[in-house]
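The values are calculated or read from the model by the stated rules, or taken from the named source; none is laboratory data. Everything quoted here is computed from the prediction, not taken from an experiment. Using ideal geometry, Cβ is built from the backbone for each residue, glycine included, and neighbour counts are taken over all protein chains shown.
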Amino acid sequence: MIDLINLSVQFSGDYLFKDVNLKINSSDKIALVGANGAGKTTLFRIISGIQQPESGKVLMQKGISLGYLPQEIVGHLGKPLFEEVKTSLRQINTLGQEEHEITSSLQDASLQEAEHDQLIHKLGEIHHRMEEVGYYSINSEIEKVLIGLGFSEKDFSKLTSEFSGGWQMRIALAKLLLSDHEILLLDEPTNHLDLDSLEWLISFLKGYKGALLIISHDKHFVNEVTTKTLEIFMNKISFFNGNFDSYLKFKEERDSQLEARYIQQQKKIRETEKFIERFRYKATKARQVQSRIKQLEKVEQFDLPEFEEEINIRFPEPPQSGVVPLELTGINKSFQDNHVLKNVDLRLDRGDKIAFVGPNGAGKTTLSKIISGRITFDSGERIIGHNTIISFYAQDVADSLEPSFDLLQTVEGIGENKTIGQLRSILGSFLFTGDDVFKKVLVLSGGEKSRLALAKILLTKANLIVLDEPTNHLDISSKQVLQKALMDFKGTLVLVSHDVDFLKPIVNKVAEIRDRSVKIYYGGIDYYLEKKKELQTADKPQLKANNSEQSNGQAGNRKDQKRIEAELRQKKYAATKEIVKEIQSLETRIESLEERKKLLEDELADPSVYSNPVLAKEKTADYNSTKEELEVCFEKWTGLTETLEKIESSYS
């Protein structure tokens, strides 16, 4: 379908790829991979005809229709959403226009019989083509795709100019998916999608009949959709039959072999050079020396693959919070007439790592900002537990960075116990290398500011961290650094994210925010997706009696499973209710005693107190008794929390 012949591209004097020959077939589902700057987007631009190669050519089968989704989307203006999508479907619109013109012509009373018959025949052909391309069901298909990508029916009549950048990308994607192209080139199509839209897109592309070429940092997405991997590596482009995970295994083995070969080659070169130097001026060895020099000239030079240094970054050990760091009860939140959250209850237990998922606009960010105290709520209660220290990250937090500071100055004040080298390592893991660390915040792009704000989070001593879409603007290696740090984090974590692969090893609970309410799933992201699929299957009507019986059995199993889960939660609540109350009571008492202890310390330091022997003795006695009670309470609190953790682990 598409042939790349002797394709070469240079950038700043260096080849991105050279003398590339490959063929893309009509049913290929391909992930395009390579290091940052390897030329992935350049290759897409060449295939789509936007950019010309330095040499070589792209041959495309005649009549092939190609669609390209770039990362930078031009805004859509002037039309309502539904009309914008429909008017972009050229074949559909052309057929409709042709039908209208022929129908109008047939109204002409002066038509000759032969002309009339000819028009009728042509109209029949057009109707046949309309049937073939799904003309009569196109409105339904547009609706299906728009709903799948997260638009609501009330959005259909909104002007496209009213939608933000992320939604503009979805409009462009909807137009491509409906255009019936034989090949699609998608550059980071999952940016700005929520989890519902992501799963819908995966399902759609799995059934897509044409060829797909995809650039994406979302491993879950490319693993689900693609079956081949196209790698740009060391100025060459080569195919690997297998999805991204299979490719990574192959790459690890390949790179190890290349490293071993390189080491062996360098050893042989050094030995040859030593021989040449040793016997260069001996006449009896002249022939052997010349032979070795020729050997060196013929040695095939190749570079080592870029091995990424293993960066192991850990959060500072946070102070231990209470057993319930934060609890929300009866929370209501509206923005004018938009009711976002209604009577929401949510309890965060110490050590929870919980993912917030749900459609865009459902209230995930709103709820995360309420938890972190960034915004207020209309009614309800936000209860902060004992010794809870909260840190919050969202992309708009980047705007609060001090613009006159450079990157090192920005993180120096937080990382008190970090050396400059360690701080540079942390910044490096978020793509700030070399002299980048001396750039002023003022000159950073939006994405760079977001990465810098995220690096600051890694230096915080908070025990409750709230992260809203932290993986935007991160490449795969940076995501892995953050992922590992969050896995090792000892505190409580709230993550708003649609990145399934990122969430998998981190979270132990999922909170689905939908229809102004919150539903908790007591398991990881795989458990949540499995439950959602079960619910979707249960919602589909069963057309056959035998399937209906099987469905009833499955529904029964689901009901049994839900009942078992509910009973388990009830038993866990009953087993821990009293001990949780006792711990919370102790935490309140500890907080009071710590305040009393601090007050007495201040008083004992006052000259008017320590110069009065009677008053000093009285205050010292009070201080000692307060300190003793505080130690007893701490000891009891430690014992009870350990007991609680054992009880809770027996129900997990």
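List of remarks:
- Residues that are in contact (Cβ under 8 Å) with a residue 60 or more places away in the chain, outside any helix (DSSP H, G or I) and hydrophobic (A, V, I, L, M, F, W, C) within segment 140-160 comprise Phe151, Phe156, Leu159, listed in sequence order.
- Checked against (1) closer than 21 Å to Phe432 by Cα; (2) buried (at least 22 other Cβ atoms within 10 Å of the Cβ); (3) over 14 Å from the mean Cα position of the chain (by Cα), Leu482 passes all but a single condition, namely (3).
- Qualifying residue in segment 113-132 (condition: surrounded by fewer than 11 Cβ atoms within 10 Å (Cβ to Cβ), modelled with pLDDT under 85 and polar (S, T, N, Q)): no
- Looking only at segment 589-631, and only at residues there that are in a helix (DSSP H, G or I) and among the polar types (S, T, N, Q), the one that is modelled with the lowest pLDDT: Ser608
- Residues (closer than 12 Å to Phe17 by Cα and touching a His at 6+ places or on another chain (Cβ under 7 Å)) located in segment 41-66: none
- Positions within segment 382-410 being in contact with a Leu (Cβ under 8 Å, 6 or more places away or on another chain), surrounded by fewer than 19 Cβ atoms within 10 Å (Cβ to Cβ) and of a type outside the set (Gly, Ala, Ser), in sequence order: Arg382, Ile383, Ile384, Ile389, Leu401, Pro403, Leu408
- Counting the residues of segment 478-530 that are of a type in the set (Lys, Arg) and within 23 Å of Asn343 (Cα to Cα) gives 4.
- Residue check: Ser372 meets all listed conditions (1) in contact (Cβ under 8 Å) with a residue 24 or more places away in the chain; (2) out of contact with any Phe, Trp or Tyr (no Cβ under 6 Å at 6 or more places or on another chain) but one, namely (2).
- Being assigned to a helix (DSSP H, G or I) and modelled with pLDDT under 85 holds for only one residue in Ile583, Ile647, and it is Ile647.
- Applying the criterion of at least 2 residues that are touching a residue at least 60 places away in the same chain (Cβ under 8 Å) and closer than 27 Å to Asp245 by Cβ to the strands (runs of 3 or more DSSP E) found wholly in segment 389-503 leaves 492-496.
- Listed by position, the strands (runs of 3 or more DSSP E) inside segment 9-103 whose residues that are under 24 Å from the mean Cα position of the chain (by Cα) number at least 2 are 29-33, 66-69.
- When segment 432-483 is filtered for residues that are of a type in the set (Gly, Ala, Ser) and at pLDDT 85 or above, only Ala462 remains.
- Residue list for segment 371-381, filter: on the phi < 0 side of the Ramachandran plot and surrounded by 15 or more Cβ atoms within 10 Å (Cβ to Cβ): Ile371, Ser372, Arg374, Phe377
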